[in-house]
Structures are given as structure tokens and as C-alpha cells.
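K.L.:
This is the structure I want to talk about, given as C-alpha cells.
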Amino acid sequence: MRKIWNIRQKDKEKAAALAAELGVSALLAGILLNRGIDNAAAAREFLHPEEREYYDPYLLPDMDKAVKRIRAAIEAREQIVVYGDYDADGITATTVLLRTLQQLGGWADYYIPDRFTEGYGVNLEALKRMHRQGTSLVITVDCGIKSVEELRQMQDCMDFVVTDHHLPGDELPPAVAVIDAHRQDSKYPCGELAGVGIAFKLCQALWLAMKKVPAENPGLEIVALGTVADAVPLVDENRKIVAEGLKRMKDSSFVGIRALIEATGLGNREIDSMGIGFVLAPRINVAGRLKSARLSVELLLSENEDMAREMAGKLNELNNTRKELKEEIQAMAEEQLKSMDIGNARVIVVAGEEWHHGVLGLVASSLQEKYYLPTIVISVKDGIGKGSCRSIPGFNLFKALTSCQSALVQFGGHEMAAGLTVRAENIDLLRELLEAEARRQMTAAQYIPCYDIDMEISPAEMTMEMVEELSLLEPCGMKNEPPLFGCRELSCLNPELKGADARHLKFTVSDRGRLVDAIAFNMPEELARVARGGFDMVYAAGINEWRDMRSLQCMVRSLDEPVPVQEPVAVDRDFMRQIYVFLRSRVQGGHRLSADLGWLAMQARLEGCRAEEQNVADAVTVLLELGLLKKTPEGYLELSSTAKKMDLHDSPTFRRLNS
């Protein structure tokens with residue numbers, strides 16, 4: 001899909017001054033400016049996160065109350081249960097806190113609900129079982145902030161300490177302590193900690209209170225894993241957590257981490273945030289998606305190398321199964337889209353009988369990325385649908401679902417992701433309500449995706465030193481994405497498809513007498529484009545290491561031409577031809593023509609027309625006057641078939657615009 005190239009404009013003089021003060025290249029200084037880092041002190045802190053101090057954990061609300069109650073439970077040998085969640089954030093949070101409690105002498109165990117039978121959050125029946133078994137203190141991690149009623153029913157039977165990073169509701173749960181940086185009374189400087197980050201801060205406070213010194217090995221590699229997996233912004237304290245964790249990852253003291261790295265083939269390379277996000281985290285996540293999250297917790301807690309290797313192997317197998325399930329359900333979802341007017345849809349809502357719940361979010365993310373539309377994927381069983389939702393910038397999912405709650409059984413989430421329950425007979429109504437809400441929330445132009453490009457620069461201008469210096473930006477992730485570069489009109493040598501299923505395009509960029517390798521994952525359809533030459537490319541710059549050899553490599557993000565800039569153009573003969581060809585191609589592609597002229601202009605831009613809404617409106621008027629277009633009662637436009645040659649000057653509008 002074409003995207004707008006948003007070339008970030010930087011002040012060259014300011015970049016040069018910052019570069020001189022820091023002793024770095026103008027390229028890196030410019031990238032820092034693009035991220036809002038405009039002075040040397042802030043830049044040094046950003047580039048060297050390991051040197052900054054951790055924030056005082058007692059700045060989090062109720063931390064003192066939590067430490068007091070947990071310390072009393074440890075010293076009295078009360079039975080403690082850490083209540084977690086089944087995703088990677090919850091799994092790592094469970095592991096880190098449980099390990100700390102046990103190291104401090106606590107009698108502690110853990111509980112993670114079953115995704116399929118209990119669902120997300122604190123389960124009342126599970127609490128009742130814990131009470132019968134003698135548990136007197138439950139500490140939640142990555143959940144609990146919305147479990148007001150469940151805790152209220154059990155507050156006379158046991159105590160609760162809630163640690164969470166999700167948004168609180170109007171009422172906090174009845175607990176001894178509620179630790180959440182999103183509380184309105186929170187003074188914590190970093191409000192975007194993951195669930196495992198909040199658990200880590202509790203561990204810091206407990207260790208200091210009971211040992212009077214910082215923990216020697218607080219499990220930062222596990223905290224880093226969960227932080228990256230949960231896609232929280234990698235800025236502020238999160239950046240320090242992940243940077244410190246990455247340093248410990250490869251030589252981790254955790255048997256399970258080492259086994260997972262070995263099983264995934266990452267042992268021979270430096271592990272960065274991308275290695276966590278795309279390799280390690282999906283395998284930690286997959287246990288909770290398909291089976292039981294206990295497998296991942298037991299792996300991370302394991303002290304037996306043979307057992308850890310066996311568990312890591314099982315996670316690898318489950319991850320392969322997850323990929324197959326995801327592809328299978330996505331294929332069924334895309335088959336449904338063929339019968340929908342997807343070209344004019346503002347949202348995607350698809351549903352199937354007993355689709356596997358564990359991969360609904362993955363399918364929703366994939367469809368959202370492919371079509372750039374807010375997407376809801378629903379699995380229906382016994383007349384009840386449970387769905388996973390993913391959004392795009394500009395469409396507030398939580399607000400949208402709130403406006404549609406009359407069609408829903410329940411829902412929860414935030415602006416970009418959510419979950420819902422809906423009766424099967426209301427799915428079509430939900431789609432209609434969301435379509436209407438999307439028209440209210442978003443303009444047509446917001447449906448055009450964009451790349452934020454740090455600089456237009458040819459790979460031929462890159463040097464090994466420049467690319468190595470970019471590693472100072474690590475760890476990269478949310479709100480600190482890897483820098484992207486753009487270049488136009490490139491030529492290549494030796495394009496070929498690689499991989500077991502021939503899905504990865506490999507070629508060599510040839511520019512200004514220099515050759516630089518490039519790899520485009522999952523882009524086999526672009527082979528002909530690069531072979532022709534003269535293509536545009538968006539890429540990240542990396543280093544390929546192979547048999548003790550290091551070379552520059554472009555990690556290709558796109559080979560599509562950018563969306564043309566929106567600007568007024570003359571509605572002349574050439575523009576009329578462009579618009580007519582665009583309309584005809586839409587019809588030939590099986591799409592209906594929307595009478596919403598803003599929407600039509602957006603689609604024209606995505607097809608390469610340099611147009612704005614007024615130009616398209618004028619062109620449509622001309623075609624209507626000539627009888628080449630007509631409006632239908634359903635609110636669409638239709639091309640009229642005519643063998644008669646038309647003279648544009650027969651249109652009064654065309655004559656007026658070209659007089």
C-alpha cells in the first residue's frame with residue numbers, strides 16, 4: 001500500500017551545533033532533533049540510558065502500604081499468591097515478583113487464569129479456591145485495576161495488593177494498596193510502565209525495605225522482555241529498563257532465558273529490542289494463546305537446563321502452530337472481505353464459528369496493517385461472539401465501542417486496542433454502528449497511512465561508521481522507532497527470492513558506483529518492480545553479519561511510490577484523463593464508486609493522482625454533465641457506457657475552469 005512520505009524537516013544549523021557538542025555525526029544529531037531531543041544534556045541521557053538513575057519506587061501511589069503488608073506476610077509466613085495474566089507482560093511480571101518474594105523468604109505461589117475458560121482479569125471462583133486453600137494475601141500483576149466487584153466480594157476473606165498499568169475506572173478496587181502509575185493522584189514521573197515494570201518497582205521497594213541494599217540480580221532481562229512485548233513507549237525509565245536488560249540477556253543467569261535464546265537461534269547474534277519483539281516475546285506469549293501460560297512461567301523460573309531446553313522446544317512448536325492457525329483464520333477472514341464493499345469500508349468487522357481465540361488479536365493486527373482500517377475479528381460459539389479489536393491513528397476504539405454499547409454484551413480496552421463480547425445476531429448492527437462512528441471521528445485523509453522518514457538519503461551515502469553510530473538509539477520501539485530513510489529512482493542488481501517458501505526478496509542496490517545489499521521480507525510480489533529499476537525505497541539501515549564478515553544492509557520497509565502531495569491542480573484535459581482512468585480502474589477492480597468526494601479524492605491519491613477534494617469534485621461534476629457518470633439511489637456513482645466520443649468543452653464546468 002502506498003503511504004505518504006512525511007520527511008521530517010530539521011534545522012541543519014541546529015543539527016550541526018548539536019553534533020559538534022556531542023561529538024556525533026550530523027545524521028544522528030538530526031535524528032535526535034526529529035525525536036524532540038534538542039539539547040546536549042537531554043541527548044546524553046537518551047543515548048546513554050544506563051547512566052541515569054531509577055526513579056524512587058515510593059513515588060508510586062500506595063507503595064508504602066504495599067511494602068508494609070507484604071513484608072508482614074513474609075515475616076509471618078502467610079500464604080501469598082501472585083495473580084498474573086496470560087500474556088508476556090503478565091507472565092514476566094508474575095515471574096519477577098514471585099522470584100523476589102521467594103528470595104526474601106516468602107511462602108509464595110502464582111496463579112494465571114485460563115484465557116479460554118476464565119478470561120482476562122481477576123476471577124472470583126479462583127479467589128474462592130485460593131481462600132479455601134489458605135491464601136491470605138493476593139498480589140495482582142498486570143491486572144486487577146478493574147476487578148472492583150470480585151475483590152469486594154472477597155475482601156473479608158483475604159487481603160489484596162493490586163499492581164497494574166491499565167487505566168483505572170471511576171472506582172478503585174477495595175485493596176490494602178493499589179499501585180498504578182495511571183491513578184489520578186500518582187506523582188510517578190514515568191506513567192507508561194508496563195505491568196512488569198510496576199511489578200519491578202514493587203520488587204525494588206521490597207528489597208530495599210528488607211535487605212537495605214539494592215537487589216544484585218533483579219531479573220532485568222525478564223523485565224525488559226515483558227516491557228518490549230507489551231509495546232509500551234521505550235522512553236524515560238522504560239528505556240533504562242530495556243537497555244539494562246538487553247545487556248544481561250545473552251549471558252543471563254536465568255536458565256530459561258538461555259534455553260529460549262538457544263532454541264530460537266539467537267545465540268550467535270547480539271540481541272536487541274527487535275530480537276525480543278519478533279522472536280523471544282511471541283514464544284513467551286504463545287503458551288497463553290494456545291495452551292496454558294504456566295509453561296512460559298515455569299520456563300522462566302526453571303533451574304534445570306534439560307527441562308528448560310524441553311520447555312523452550314515446546315514453545316517453539318506452539319509458535320509454529322500459532323503461525324498456522326493465524327494464517328488459516330486470516331485466509332477465512334479475507335474470504336469474507338471479498339463479499340464486502342471493502343474499498344469503501346471505514347472499518348473491518350469479520351466473524352467466524354469457533355475461530356481460535358488465541359490468535360484473534362494477531363489476525364486483527366495483520367488485517368489492520370494490510371488494509372489500514374480499524375479491525376475487529378470475532379469468534380462465535382453458541383450464539384456469543386468474543387472479539388479482538390485493533391485501530392489506526394485517529395480512531396478511538398474505546399470511544400467508538402462506548403457509542404456502540406447498546407449492541408454489545410461487554411467491552412474493555414483503550415484507544416488503539418480492545419476486546420468485546422457481542423451476541424451473534426448483533427454483529428451486523430455493530431458493523432453499521434462502527435461505520436457511522438468512523439465517519440464521525442475521522443476524515444477521509446486520515447485513512448492514508450504515512451512513513452515518518454528521518455532523511456532522504458541513498459544507501460550509497462551510508463557508511464559503516466554511520467550505521468554503527470545509529471545503534472546508540474537502541475533500544476528502539478514504541479515512540480522511539482528505528483530511524484527510517486527514503487530514496488527515489490534506484491536501480492538494482494541480482495534480484496531474487498529467498499527463503500524456504502521464496503517469500504523474501506533479496507537484491508543489491510546500485511547507486512553512484514556503490515553496491516549495497518537489501519532484503520525485503522515477505523515482498524515476493526515486488527520482484528518485477530525492482531528488476532525494472534527506477535523504484536523508490538523506504539528502509540532502515542543495518543549491518544549484516546555472516547561468517548565473520550560485516551556489511552551494510554538495507555532492511556526494506558516499502559518499495560511503493562509515495563502518495564502524491566495533496567495540492568490544487570488545474571482541472572484540465574490531462575487531469576480529467578487521470579481521474580477517468582482512476583474511476584475505470586476502480587470499477588474494473590470490482591469496487592463501487594463512492595459519492596463521498598472526500599473519500600474518492602483519498603482513493604485517487606492512493607492510486608497516484610495528485611489531487612485534492614475540490615479538484616475531484618470539479619472533475620466528477622464535469623463527468624456528470626457529460627453523461628459519463630451518474631448517481632445511483634444508494635449513494636454511489638456509476639460509469640456510463642457510451643461509444644460516443646465526448647468533447648470536454650461540452651461541459652459548462654470544464655469551460656468555466658479552462659476559460
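The values are calculated or read from the model by the stated rules, or taken from the named source; none is laboratory data. Everything quoted here is computed from the prediction, not taken from an experiment. Positions of Cβ are generated from backbone atoms using ideal geometry, with glycine treated the same way; all protein chains shown enter the neighbour counts. Note: accessible area is taken over every heavy atom of the protein model, side chains too, but ligands, DNA and RNA are not part of it. Shrake-Rupley method; radii C 1.70, N 1.55, O 1.52, S 1.80 Å.
K.L.:
I want to check the label-to-label distance for S253 and R577. Put each point 7 Å from Cα in the C-beta direction and report it in nm to one decimal.
P.N.:
According to this spin-label approximation, the distance is 7.3 nm.
K.L.:
Evaluate the distance, in nm, between pseudo-label points positioned 7 Å from the Cα of E328 and of D185 along their respective Cα→Cβ axes.
P.N.:
5.1 nm
K.L.:
Regarding region 408-541, what whole-number volume in Å³ per residue does the convex hull of its Cα atoms give?
P.N.:
So the per-residue Cα hull volume is 196 Å³.
K.L.:
Here's a follow-up. What relative contact order, as a whole-number percentage, does region 404-443 give when Cα pairs under 8 Å and 6 or more residues apart are counted?
P.N.:
Reported relative contact order: 36 percent.
K.L.:
Working from Cα positions, state the angle (0 to 90°, nearest 10) between the long axis of helix 427-441 and the longest principal axis of the chain.
P.N.:
Helix 427-441 sits at roughly 70 degrees to that axis.
K.L.:
Length gain on complete extension for the stretch E496 to A445, per 0.36 nm per residue less the alpha carbon to alpha carbon distance?
P.N.:
14.8 nm
K.L.:
In whole percent, what relative contact order does the chain give with Cα contacts below 8 Å and a gap of six or more residues?
P.N.:
11 percent
K.L.:
Which pairs, out of K65/K211; K479/K506; K326/K370, put more than 20 Å between their alpha-carbon atoms?
P.N.:
K479/K506
K.L.:
How large is log10 of I(q)/I(0) for the chain at q = 0.09 Å⁻¹ when the intensity is taken from the Debye formula with one equal scatterer per alpha-carbon?
P.N.:
Normalising to I(0) and taking log10 leaves -0.88.
K.L.:
Tally Lys and Arg at +1 and Asp and Glu at -1 over the other residues with C-beta under 15 Å from the C-beta of D114: what net charge comes out?
P.N.:
With Lys, Arg at +1 and Asp, Glu at -1, the net is +2.
K.L.:
For R488 and F278, calculate 0.36 nm times their separation in residues minus their Cα-Cα distance, and state this gained length in nm to one decimal.
P.N.:
Stretched out fully, the R488 to F278 stretch lengthens by 72.7 nm.
K.L.:
Whole-Å semi-axes of region 55-214's equivalent ellipsoid, largest first, each the root of 5 times a Cα gyration tensor eigenvalue?
P.N.:
Over the Cα atoms of region 55-214, the semi-axes work out to 21, 19, 15 Å.
K.L.:
Assuming R0 = 60 Å, what is the FRET efficiency of K479 and E625, from their Cβ-Cβ distance, to the nearest 0.05?
P.N.:
The computed FRET efficiency comes out at 0.75.
K.L.:
Which stretch or stretches of region 449-464 have amide N atoms under 19 Å from the point lying 7 Å from I543's Cα along the Cα→Cβ direction?
P.N.:
Only 459-464 pass the distance filter.
K.L.:
When only C-alpha pairs under 8 Å and at least 6 residues apart count, what is the relative contact order of region 461-607, in percent?
P.N.:
It comes to 18 percent, rounded to a whole number.
K.L.:
Can you work out the PRE-style zone for K65? Point 7 Å along Cα to Cβ, and I want the residues of region 89-108 with backbone N under 19 Å.
P.N.:
No residues fall inside that zone.
K.L.:
May I pose another question? Hey, got the dipole for region 600-659? About the Cα centre, +1 on K and R Cβ, -1 on D and E Cβ, debye to the nearest 20?
P.N.:
160 debye
K.L.:
About its Cα centre, how strong a charge dipole does the chain have in debye, to the nearest 20, once Lys and Arg get +1 and Asp and Glu get -1 at the Cβ?
P.N.:
For this selection, approximately 780 debye.
K.L.:
For L337 and E465 in one chain, what is 0.36 nm times their gap in residues minus the Cα-Cα distance, to one decimal in nm?
P.N.:
That pair, L337 and E465, stretches by 41.4 nm at full extension.
K.L.:
To continue, here is another question. If W5, W546 are ordered by their accessible area, calculated over protein heavy atoms with a 1.4 Å probe, which sequence runs from highest to lowest?
P.N.:
Sorted descending by solvent-accessible area, the residues read W546, W5.
K.L.:
I'd like to check one number: the per residue accessible area of the chain, probe 1.4 Å, reported in Å² as a whole number.
P.N.:
Roughly 46 Å² per residue, with all protein chains present.
K.L.:
Right, another one. With runs of 4+ DSSP H residues as the only contributors, calculate the mean residue ellipticity of the chain at 222 nm using -39,500 (n - 2.57) per run, divided by the residue total and rounded to the nearest 500.
P.N.:
Dividing the helical sum by the residues of the chain leaves -12500 deg cm²/dmol.
K.L.:
Please list, by residue number, everything in region 60-104 whose backbone N is under 17 Å from a paramagnetic label point 7 Å out along Cα→Cβ of V213.
P.N.:
Answer for region 60-104: 103-104.
K.L.:
Report the equivalent ellipsoid semi-axes for region 224-296 in whole Å, largest first, defined as the square roots of five times the eigenvalues of the gyration tensor built from alpha carbon atoms.
P.N.:
Ellipsoid semi-axes (Å, largest first): 19, 16, 10.
K.L.:
Right, another one. What is the calculated FRET efficiency for Q102 to L515, with r their C-beta to C-beta distance and R₀ = 56 Å, to the nearest 0.05?
P.N.:
Once rounded, the FRET efficiency stands at 0.50.
K.L.:
Here's a follow-up. Roughly speaking, to the nearest percent, how much of the chain's 1.4 Å accessible area is carbon and sulfur?
P.N.:
Result for the chain: 48 percent of the exposed heavy-atom area is carbon or sulfur.
K.L.:
Is the C-alpha gyration tensor of region 1-85 telling us rounded, prolate or oblate? Criteria: a/c under 1.5 is rounded; beyond that, a/b larger than b/c is prolate, otherwise oblate.
P.N.:
Cα axes put region 1-85 in the prolate bin.
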